[in-house]
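The values are calculated or read from the model by the stated rules, or taken from the named source; none is laboratory data. As the structure is a computational prediction, the values presented were derived from the model and not from experiment. So basically every Cβ, Gly included, is an ideal-geometry build from the backbone, and we count neighbours across all protein chains shown. For accessibility, only protein heavy atoms count, side chains too; no ligands or nucleic acids. Shrake-Rupley method; radii C 1.70, N 1.55, O 1.52, S 1.80 Å.
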Amino acid sequence: MKILGINAVFHESAAAIVVDGKVRAACEEERFSRVKHAKEARVDNPQELPEQAVRFCLDHAGLRPEEIDIVAYSFEPKLRRAKFKPEWWPDKSLEDVFLTSLEQVDGAVAKMMGRSMGRALKYVPHHVAHAASAFYPSGFEQAAILVIDGIGEADCSMLARGEGTHIRVIESLGYPHSLGFLWEHASVYLGFSPYDAAKVMGLAAYGDPAVFRREFADILQPGAQGYCVDAQAVGFESVDPRGLDALFGPRRAPDGDFLAHHMHVAAALQEATDAAVLSLLRRLEQVAGGERLCLAGGVALNCVTNARIARMSPFREIFIPSAPHDAGTAIGAALAAHCAQHGARQPTGGASPYLGPEFDESEILAAVRAAGLTPRKCKDAPREAADMVADGNIVGWFQGRMEFGPRALGNRSLLADPRRPDTRAILNRRVKRREDFRPFAPSVLAEHAEDWFDMGPPSPSQEFMLFACPTRPGRAERIPAVIHEDGTARVQIVRRAANRRYHALITHFYQRTGVPLVLNTSFNDSEPIVCTPAHAIATFRGAGLDALFMGDILLTSET
């Protein structure tokens, strides 16, 4: 059984291929199109499919379009019609446009696949696809499931239970009770784009949540087992929402200074979010039971909240996929369709994040020649890269299959020395060209992680850079470039079995420096993470990197 999964309804367009229950490939469209998030979340474009990502997935699996048995699309138009109320829009006519565009998905899929799929086109409810993306790859036979994002067809959060091949929806929180929308509005208020929740999370560490705690209690109201969002206070129902301005003062202009009250707003939002999610988890534990939790939805990218969940929720084991945001629903839709069709699942069918394109040495050398550069082949690339990082260089590390999800996990990464106090400023200003407050993450050898960080309860998702962990006493001073303002770090643990070459690089760095970790940030400037050797070379040149390793091929700034 060969299933193509697609996410295209809002943003983070993506595709995935599942063959006999195993995830063979997955990729976001932005990595090919070089347009961040692939497309805007508009009412008139859910029929715009991630065709380049689909083409990659088919090619990697060695399949032709006519060999695909099922196409699974991660949104259910019938459920939208049944549950969504047009008056939730600032302009009711927008819903008509959206539904008309959804009706065109059938034809768009038929055009892409070269035939009408008929009943083989399965529309999977959006939050069920999110849930499937977490539960089926988790390896758990039974688990409680929580999905929190902006909105699906009409719901903003979903409580469910997974058992074997079945996911049972227990309860949902409908619009306007959306943590995702609240974060989008807060991002815009703070001068960012709606997609910049990660920036707000970083800014929160500089503020005092107590300053606006009372005001946020009016907006986001956690109860004993759940939460409510006051849509009118936030301004959800307005084309140009200004609710936060009335509560917190003037919003920040996109190029404006960061004032103290901006930081306090971010801090209060983070604190309120933590309380709301923990409250909802108490409800989930009551209705779903068990000690295992699967988490998905865009809010599951919040490392601070995830750390609170790991330490303070009723659940002892947690799994979050590497792509809990909308892109991950491409995998989830395909896995949900497989389980519905066959009643069987792979134990850990999609847990690896390395599901994207890879390039052999001949392809890398062709890109180098096309760029007019002179390469050198390394005898031991991990060792040479480690030495260059230890000497203070900024190194591009382009290896193997690209990661699926928004975090670079050692195959499309920029690496630097975490010991140098100036590393963070150099990366933010010269290379990434972004705000000075933005933190960087450490990739640490799994066997030494607990010596340097308070990791909390073990989770395979600690390999995906999804938890903010406190630094052990006496360690922060040795690695200032990866420690955030609040003393935490967004840690990625690296196991040899998961990424042999990256583990070898960090091991060599440890042997030379006594520090078992390197600074790891995504291999990009302001564009999407690099996918191809040509992308890597362009960013190597444009960002002024000191060195670029692609497989065993090395380019340096003197090349």
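The residues of the chain present an accessible area of 37 Å² per residue when probed at 1.4 Å with all protein chains retained. When the square roots of the Cα gyration tensor eigenvalues are ordered a ≥ b ≥ c, the ratio a/c for segment 265-363 is 1.5 or more and a/b does not exceed b/c, which makes its shape oblate. Per the Debye formula on identical point scatterers at the alpha carbon atoms of segment 1-95, with no solvent, log10 I(q)/I(0) at q = 0.11, 0.16, 0.17, 0.22 Å⁻¹ is -0.38, -0.71, -0.77, -1.06. Of all the accessible heavy-atom surface of the chain, with the other protein chains kept in place and a 1.4 Å probe, what percent is carbon and sulfur? Ligands and nucleic acids excluded, carbon and sulfur give 49 percent. Across segment 24-37, computed HN-Hα scalar couplings (Karplus, 6.51 cos²θ - 1.76 cosθ + 1.60, θ = phi - 60°) run 9, 7, 7, 7, 8, 4, 4, 5, 9, 6, 6, 10, 4, 6 Hz from first to last residue, x flagging Gly and Pro. Set Lys and Arg Cβ to +1 and Asp and Glu Cβ to -1, take the dipole of segment 117-271 about its Cα centre, and tell me which of VAL147, GLN232, SER193 lies farthest positive. Checking the options against the dipole of segment 117-271, the answer is VAL147. Annotation: amide H-H contacts under 5 Å for PHE453 (H modelled 1.01 Å from N, sequence separation of 5 or more, or interchain): ARG472. Here segment 44-143 was treated as a single set of alpha-carbon atoms; its pair distances binned every 10 Å from 0 give 13, 37, 33, 16, 2 percent. What does the C-alpha gyration tensor say about the overall shape of segment 378-424? Classify as rounded when a/c is under 1.5, otherwise prolate if a/b is larger than b/c, or oblate. Oblate shape, in that a/c is at least 1.5 and b/c is the bigger or equal ratio. Separation of the alpha carbons by more than 21 angstrom is noted, of LYS2/LYS78; LYS2/LYS22; LYS2/LYS39; LYS39/LYS122, for LYS2/LYS78; LYS2/LYS39; LYS39/LYS122. Of all beta bridges that DSSP places with both ends in the chain, some 70 percent have antiparallel geometry.
Of the GluC sites (Glu not before Pro) found in segment 410-462, the ones in coil according to DSSP and having at most 15 other Cβ atoms within 10 Å of their Cβ are GLU435.
Helix content alone sets the calculated 222 nm mean residue ellipticity of the chain: runs of n ≥ 4 DSSP H residues at -39500 (n - 2.57) each, divided across all residues, give -10000 deg cm²/dmol. Taking the Cα centre of the chain as reference, the dipole from Cβ charges on Lys and Arg (+1) and Asp and Glu (-1) amounts to some 960 debye.
For SER157, the residues whose modelled amide H falls within less than 5 Å of its own, excluding neighbours fewer than 5 places apart on the same chain, are LEU173. Among the GluC sites (Glu not before Pro) within segment 138-208, those in coil by DSSP and having at most 14 neighbouring Cβ atoms inside 10 Å are GLU141. Let me make sure I get this right: for segment 280-438, a, b and c are the square roots of the gyration tensor eigenvalues over alpha carbons, sorted descending. Under 1.5 in a/c it's rounded, otherwise prolate if a/b > b/c, else oblate. Which is it? Here segment 280-438 falls in the oblate category.
Take the convex hull of the alpha carbons in segment 119-246; its mean projected area over all directions comes to 10.4 nm². Between GLU141 and GLU361, the modelled label-to-label distance comes to 4.7 nm, taking each label 7 Å out from Cα in the direction of the beta carbon. Stokes-Einstein, applied to the Kirkwood radius of segment 404-477 over Cα pairs at a viscosity of 1.567 mPa s and 4 °C, places its translational diffusion at 93 µm² s⁻¹. Here the Karplus curve 6.51 cos²θ - 1.76 cosθ + 1.60, taken at θ = phi - 60°, turns the phi angles of segment 474-479 into couplings of x, 9, 4, 5, 8, 9 Hz, with x standing for Gly and Pro. When Rg and the Kirkwood Rh are both derived from Cα coordinates, the Rg/Rh ratio for segment 457-559 amounts to 0.99.
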